[in-house]
Amino acid sequence: KHAIKGGRHRNKPPIQEVFRRGDEVLVQVIKEGIGTKGPTLSTYISIPGRYLVLMPALGRVGVSRKIEDEDDRKRLRRCLLSINPPKGLGFIVRTAGALRKEEELQRDMEYLLRLWKAIVKRIETTTEPGAIYEESDMIIKTIRDIFSSDIDVIYIDEKESYEKTREFLRMVMPHFVDHLQLYEGREPLFHKYRLEEEIAKINQRKVALPGGGSIVIDPTEALVAIDVNSGNFRGGSDSADENAFKLNCVAAKE
């Protein structure tokens with residue numbers, strides 16, 4: 001099979017020509033299965049850190065396409081090369097790393113290298129098919145991707161998760177360990193800050209639009225359908241097309 005992608009000629013042989021029964025291969029689940037649709041797998045392993053992504057098969061350094069400024073891209077490449085990434089492993093700077101200092105990228109690289117070393121050890125000692133590595137739990141993943149110095153406090157109300165998160169901060173962001181607090185109040189944390197109400201709103205199938213009308217969100221196996229219903233929306237125009245356009249603008253913003 002041959003395909004043209006991005007202007008480059010790529011050879012994509014049938015899978016039965018690449019693998020034979022009994023072959024061992026390391027794959028990453030890119031997308032979980034849903035309904036009757038199986039999961040999407042890839043042999044191109046990528047492990048995200050806070051500012052970098054480790055891509056073992058890449059063998060070079062790069063910068064996320066979302067960082068478009070050419071001066072920033074050149075500076076980040078220089079930073080990555082100056083912290084001496086191991087030969088044979090690849091690293092990509094994430095958008096979150098665009099404005100970070102060299103020592104912050106260095107710390108993230110060291111964390112990813114420790115993680116990759118542990119993964120390789122598991123691969124070498126595992127003889128049966130199975131999970132080698134599962135990405136960090138939701139708490140650590142959220143802190144890794146969202147936490148910044150303008151957040152004053154992180155509250156966790158469960159002792160084991162608190163200790164695990166504290167260890168992660170010590171390893172990756174030691175300056176912010178003191179921002180982590182164990183919540184021991186009597187009132188449940190989510191009730192105290194009315195988070196249950198917010199979560200319920202987020203998961204509503206139907207969302208009312210300001211000025212009338214609504215959007216209805218229905219996930220299916222292949223896609224998420226978002227239907228815009230005009231309902232009692234009045235756009236203030238005699239033209240049906242103009243009113244529909246105004247409603248769609250409101251819906252798009254929502």
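Charges at C-beta only: +1 for Lys and Arg, -1 for Asp and Glu. How large is the resulting dipole of region 90-180 about its Cα centre, in Debye rounded to 20?
Magnitude of the dipole: close to 340 debye.
What trypsin sites (Lys or Arg not before Pro) does region 152-211 have in DSSP loop regions with at most 15 other beta carbons within 10 Å?
Loop-located and lightly packed - ARG186, ARG194, ARG205.
Can you tell me the relative contact order of region 136-254? Whole percent, Cα pairs under 8 Å, sequence separation 6 or more.
15 percent
Given the options THR36, LEU113, ILE143, identify the residue whose Cα lies farthest towards the positive end of the charge dipole of region 17-151 (+1 on Cβ of Lys, Arg; -1 on Cβ of Asp, Glu).
LEU113
Place the peptides 49-57, 143-151, 208-216 in order of packing, highest mean first, counting for every residue the other Cβ atoms within 10 Å and averaging per peptide.
Top to bottom by mean Cβ count within 10 Å: 49-57, 208-216, 143-151.
Run the numbers on the chain and let me know its relative contact order in percent, using alpha-carbon pairs under 8 Å that are six or more apart.
Relative contact order here is 10 percent.
What accessible area, in Å² to the nearest ten, does a 1.4 Å probe give for GLU196?
Around 90 Å² of this residue is reachable by solvent.
Within the accessible area of region 129-254, what % is carbon and sulfur when the probe is 1.4 Å and the other protein chains stay in place?
For region 129-254, the apolar C and S fraction of the accessible surface comes to 52 percent.
I'd like to check one number: the per residue accessible area of the chain, probe 1.4 Å, reported in Å² as a whole number.
73 Å²
Kindly provide the Kirkwood hydrodynamic radius of the chain in Å, to one decimal, from all pairs of distinct alpha carbon atoms.
23.0 Å
Rounding to the nearest 10 and keeping the result within 0 to 90°, find how far the Cα-based axis of helix 159-172 lies from the longest principal axis of the chain.
On a 0 to 90 degree scale, this one is about 60.
What is the extension gain from ILE226 to SER148, computed as 0.36 nm multiplied by their sequence separation minus the C-alpha to C-alpha distance, in nm to one decimal?
Here the answer is 24.8 nm.
Which whole-number percent gives the relative contact order of region 47-93, counting Cα pairs below 8 Å spaced six or more residues apart?
Reported as a whole number, the value is 60 percent.
Using DSSP to call loops (not H, G, I, E or B), can you name the chymotrypsin sites (Phe, Trp or Tyr not before Pro) in region 186-254 whose Cβ has at most 15 other Cβ atoms within 10 angstrom?
For chymotrypsin sites (Phe, Trp or Tyr not before Pro) across region 186-254 that sit outside H, G, I, E and B with at most 15 neighbouring Cβ atoms in 10 Å, the list reads TYR193.
Just reorder ASP108, ASP72, ASP178 by solvent-accessible area, largest first, 1.4 Å probe, all chains present.
The residues order as ASP178, ASP72, ASP108, largest area first.
Between GLN16 and MET171, 0.36 nm times their residue separation minus their Cα-Cα distance comes to what?
Full extension of this stretch gives 51.5 nm more.
State the percentage of accessible surface on region 34-112 attributable to carbon and sulfur atoms; use a 1.4 Å probe and exclude ligands, DNA and RNA.
About 49 percent, which is the carbon plus sulfur part of the accessible surface.
On a C-alpha basis, how far is the centre of region 216-254 from the centre of region 128-166 in Å? Whole number, if you could?
Going from one Cα centre to the other spans 38 Å.
Between THR95 and VAL25, with labels modelled 7 Å along Cα→Cβ, what's the label distance in nm to one decimal, could you check?
It is 3.1 nm.
So, in nm, how far is label VAL207 from label ASN248 when the simple model puts each one 7 Å beyond its Cα toward the Cβ?
The modelled label-to-label distance comes out at 1.8 nm.
Rounded to the nearest 5, what % of the DSSP beta bridges within region 148-254 are antiparallel ones?
75 percent
Can you list which of the trypsin sites (Lys or Arg not before Pro) found in region 55-141 are DSSP loop residues with at most 11 other C-beta atoms within 10 Å?
Sparse-neighbourhood loop trypsin sites (Lys or Arg not before Pro): ARG65, LYS66, LYS87, LYS101.
Using a 1.4 angstrom probe with every protein chain in place, what is the largest-first accessible-area order of LEU113, LEU169?
LEU113, LEU169
Under a Cβ-only charge scheme (Lys and Arg +1, Asp and Glu -1), can you give me the dipole magnitude of the chain about the Cα centre, in debye to the nearest 20?
It comes to approximately 1260 debye.
Hey, what's the Kirkwood Rh for region 12-72 if you take every pair of different alpha carbons, in angstrom?
Mean inverse Cα-Cα distance, inverted, gives 14.8 Å.
The values are calculated or read from the model by the stated rules, or taken from the named source; none is laboratory data. Not measured: the values here are computed from a predicted model. Here the Cβ is made from the backbone with ideal geometry for all residues, glycine too, and neighbour counts use every protein chain on show. In case anyone asks, the SASA skips ligands and DNA or RNA and just uses the protein heavy atoms, side chains included. Shrake-Rupley method; radii C 1.70, N 1.55, O 1.52, S 1.80 Å.
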